[in-house]
1. Which condition number in (1) assigned to a loop (DSSP other than H, G, I, E, B); (2) buried (at least 23 other Cβ atoms within 10 Å of the Cβ); (3) touching a Gly at 6+ places or on another chain (Cβ under 7 Å) is the one that B:Gly696 fails?
2. Hey, does region B:570-579 have a residue that's of a type in the set (Phe, Trp, Tyr), within 26 Å of the chain's Cα centre (by Cα) and more than 14 Å from every other protein chain (Cβ to nearest Cβ)?
3. How many residues are in contact with a Lys or Arg (Cβ under 7 Å, 6 or more places away or on another chain) and either not hydroxyl-bearing (Ser, Thr, Tyr) or not assigned by TED's automatic domain parsing to the domain that holds A:Pro120 (or both) if we restrict to region A:130-148?
4. Please count how many residues of region B:197-244 are among the charged types (D, E, K, R) and in contact (Cβ under 8 Å) with a residue 24 or more places away in the chain.
5. (1) touching a residue at least 24 places away in the same chain (Cβ under 8 Å); (2) more than 17 Å from the chain's Cα centre (by Cα): which one isn't true of B:Asp394, the others all being true?
6. Looking at region B:191-203, is at least one residue assigned to a loop (DSSP other than H, G, I, E, B), over 30 Å from B:Ile452 (Cα atoms) and more than 14 Å from every other protein chain (Cβ to nearest Cβ)?
7. Can we say B:Ala327 is more than 14 Å from chain A (Cβ to nearest Cβ), hydrophobic (A, V, I, L, M, F, W, C) and either buried (at least 17 other Cβ atoms within 10 Å of the Cβ) or over 30 Å from B:Phe666 (Cα atoms) (or both)?
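The values are calculated or read from the model by the stated rules, or taken from the named source; none is laboratory data. This is a predicted model, so every value here is computed, not measured. Here Cβ is always computed from backbone atoms with ideal geometry, including for glycine, and neighbour counts include all displayed protein chains.
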Amino acid sequence: MPVAATVNGQAVAFESETDTPLLWALREELGLTGAKFGCGVSACGACTIHVDGRTVRSCVFPVSQAAGKTITTIEGLKSNEGELHPVQQAWIEAQVPQCGYCQSGQIMAAVDLIARLGKPTPAQIDEAMTNICRCGTYPRIRAAILRATDQAAE
Amino acid sequence: MKIKRRYFLLGAVAVAGAGVFGVKWADGDAQRRAMATTIGDGEAGFTPWLKIASDDVVTIYSPTIDFGQGSHTALAQMAAEELDADWTKVRVEQAPALPGFANAAIIQGFANEAGGLGDKIPKSLLSLVARSMPMQLTGGSSSIRYVGQILMRKTGAAARYVLLEEAAAQLNAPVSELTTADNIVTHAASGRSLRYGEIAAAAAERSLPNTPTLKEPAAYRLIGQPVARLDIPSKVDGSAQYGIDVSLPGMRVATIMMAPVREGRLESVDEQPALAVPGVEKVVQQDDAVIVVARGYWQALKGLRSLSPRFSDAGHAALNSPAIYEAQDQLREAGNATNSAGSGDVDVHFDAPDAQIVEAQYRVPFVHHAMMEPFAMTAHHQDGKLEIWVGMQDPLSVRKIAAEAAGLSPDDVTVHPLIMGGGFGRRFPQSCQIIAQSARLAMECPWPVKLIWSREEEVRHGAYRCQSSAHLKAAIGADGAIAAWRTDYVQRDNAEMECPFNYAVPATSRRHFTYTTNQDDGPLRSVNSTQMGFYNESFIDELAHAAGQDPYAFRRAHLADGSRHQRVLDELARRSGWQSTPAPGVGRGMALVESFGTIVGQVVEASVDEGGQPHVHKVTAVVDCGSVVNPLNAEAQIQGGIIMSLSIALGEEITLENGAVVQSNFGDYPILKLADTPPLIDVHFLQSDAAMGGLGEPGVPPAAPALANAIFAATGKRIRTLPIRDQARALEA
């Protein structure tokens, strides 16, 4: 029984078995490879996407729970005109990524944080941004979030 | 035996580097064949490394990979600088995995630096080089200082030279009256100009100069500039395609379980439970692993989890981490060193009646690379040809290893190099089990198969930074200076050639005791300098306190006046506010380590809370790498190295129990997160006229000892074993 949902504005019907983590359905069924596999246990955040506007670590979120939901991946952040989201733009301006593998998840987490809090304080950034980056881009992630919210760096 | 073989190979490399493998122009069929694969219609190739299209687009091919360090952008900057290219028209691509694109510059670079068989060659790296020639190795923080300085600049300058020659012929004007800028040759006297794109095809027919004149630094307009990285746009919109993202028609996905004890073998497995899982299509047994192939990853994983394979322990069942430390102690105490270096007679000073003797023992555990992208490799076998898609630190060696595993000739193997989600030394093909696993798997499957390691397999089957221990002993003379210093260290590899000891001490002794386990000790970002830096820079801090001196003044007194090291240290003290009083409860610790030709000093400010947890508040770093090509990248590399080092020092540890790795995922192998990252990591570069040093690795070594020294300053407790996490209670002030 396919699971109907909306992904990046498009109606889709997932055919994966319903216990399949949404991450794999997005990657293998829809070819949306921007969300990454990092740990499989919701520990690293590389697979972060939005479900109904809030962050979800899709490696442990079964397809069954996606029924009727609105899902956004990194590929769906751009505007309809193809313009980058302001957070993506800030990521470029702050030259955040190194290997880049975790950055889709980092950006999705930051977009949700800013949507919820507007101008997050450094303490709120620390609390919300729990995705792992092995390259150590954290200083520039902080700088990019401040830049995206028109706040001066410390 | 292993060690002797390495020395032999090292000698072979030095000879080859000096003579046969120097960077020469298209000197054979291999390069011509290589160019045939990259030069399209309307494009002109100037060596395999640079082509110019009729629309003025300049494409640079890099023999080294960029797995996050930003080297591709910097290499393009260097070639474009000498070419006088229009930066907006410059592209950079990974060179194909073909012998004509082999990385000879790294060999020449190490050979030049060493002047033959010198004392600063990272031996572990060069033995890798030797075993894998022809190769495209990325390692030793060598991309910019060797590939860039030797190959890219020369290529750009040579291409510009023949473009000028061609323009002179077409404009009927002497070269001396022509100028170049932004892909255009201009003859000011006649007001005429030619675009590179319109003369490239004819210019490429001319013979390239072997020793083109390179620019003086004063003329640079791209080198030294904070140019935005070319790869970043694709890494913020999800479009960058990593090895794990490959998708091919009819492709299947597989996952693997290896023998929990390294060197163990698969004894038996009942395949039926996996084959009963919907979507599972095949179970493949290999010598030390079982693989499940399915329609998708989740189905493969469910199939794998349904199996109960039996593995042997290869006689390693008694191996555990505490026992390794004990065995290392016993080996060292027995006193038969494998390698010895140093000068003077330390024992004379140790026995001197007025000497103050300080001794300490240090230990560091196995450490995992924890690259964010687990291993993934796709392979497809058809009609005796094997095609591979993967990201590794040496694509050419992937080809060789896969060919051997599949029983094919390298000529029948095509490797498509892809970008990587980190590496940090984990992706040297010689340590990457997945290459042979995937190649063999493909030979048994009618479809393309993508093999993905779970994070658990990734953590348990790493090529870890070695578990290592050391005993240090010093004599402080009546004058308060170090009279003798001895470092006895126990681990598999001799660190002598890559870890210079920079303090002026009358008598020094460094003794290496070879100790091996069943683990495949691998190079982890900055390699032996991580633990050697921790040993030496912690111990000199102990000596300073024993001598009743300030750690900065004490180090300074043991560095040559006017030396680069002393200059870094002085600038570090100034920028970190070393002389000022830190906030209550906060301690400052310092460390200075030279690695890969770069000198890095760091000061860490840290405190320990009431629960015994350490907190890092600020890090100041001063770096002398000669000159910097891209300051934005350079800062990111040093900051990233510091964060990785703090993470390793604070909480990372791989332990063995009954021969098997205990840890399995980020829950029990914690990586530092943003909240634990100090709010300020101030990085400053000191320009010097020294030869360019590396940047990918040298930021790592000082942070761990600087942190331990800061904790001592804050609490009076000396950290001699890493990670710090497990000693949290003992740190309660």
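1. (3)
2. Step one: list which residues in region B:570-579 are of a type in the set (Phe, Trp, Tyr), which gives B:578.
When the remaining residues are screened for being within 26 Å of the chain's Cα centre (by Cα), the result is none.
No, region B:570-579 contains no residue that is of a type in the set (Phe, Trp, Tyr), within 26 Å of the chain's Cα centre (by Cα) and more than 14 Å from every other protein chain (Cβ to nearest Cβ).
3. Restricting attention to region A:130-148, the residues satisfying the condition of being in contact with a Lys or Arg (Cβ under 7 Å, 6 or more places away or on another chain) are A:130, A:132.
Within this subset, residues satisfying the condition of being either not hydroxyl-bearing (Ser, Thr, Tyr) or not assigned by TED's automatic domain parsing to the domain that holds A:Pro120 (or both) are A:132.
Looking only at that region, the number is 1.
4. First, pick out the residues of region B:197-244 that are among the charged types (D, E, K, R): B:198, B:205-206, B:215-216, B:221, B:229, B:231, B:235, B:237.
Cutting the leftovers down to in contact (Cβ under 8 Å) with a residue 24 or more places away in the chain gives us B:198, B:206, B:215, B:221, B:229, B:231.
Final tally of qualifying residues: 6.
5. With (1) touching a residue at least 24 places away in the same chain (Cβ under 8 Å); (2) more than 17 Å from the chain's Cα centre (by Cα) applied to B:Asp394, the lone miss is (2).
6. Just the residues of region B:191-203 that are assigned to a loop (DSSP other than H, G, I, E, B), to begin with: B:191.
Now narrow it down to the ones that are over 30 Å from B:Ile452 (Cα atoms): B:191.
Still in the list and also more than 14 Å from every other protein chain (Cβ to nearest Cβ): B:191.
Yes, the conditions are met somewhere in region B:191-203.
7. Values: more than 14 Å from chain A (Cβ to nearest Cβ): yes; hydrophobic (A, V, I, L, M, F, W, C): yes; either buried (at least 17 other Cβ atoms within 10 Å of the Cβ) or over 30 Å from B:Phe666 (Cα atoms) (or both): no.
So B:Ala327 does not fit the description; no.
Conditions (1) within 18 Å of the chain's Cα centre (by Cα); (2) modelled with pLDDT of 70 or more; (3) not assigned by TED's automatic domain parsing to the domain that holds B:Gln31, marked per residue:
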residue: B:Trp87; (1), (2), (3): no, yes, no
residue: B:Glu93; (1), (2), (3): no, yes, no
residue: B:Pro96; (1), (2), (3): no, yes, no
residue: B:Asn103; (1), (2), (3): yes, yes, no
residue: B:Gly115; (1), (2), (3): no, no, no
residue: B:Leu125; (1), (2), (3): yes, no, no
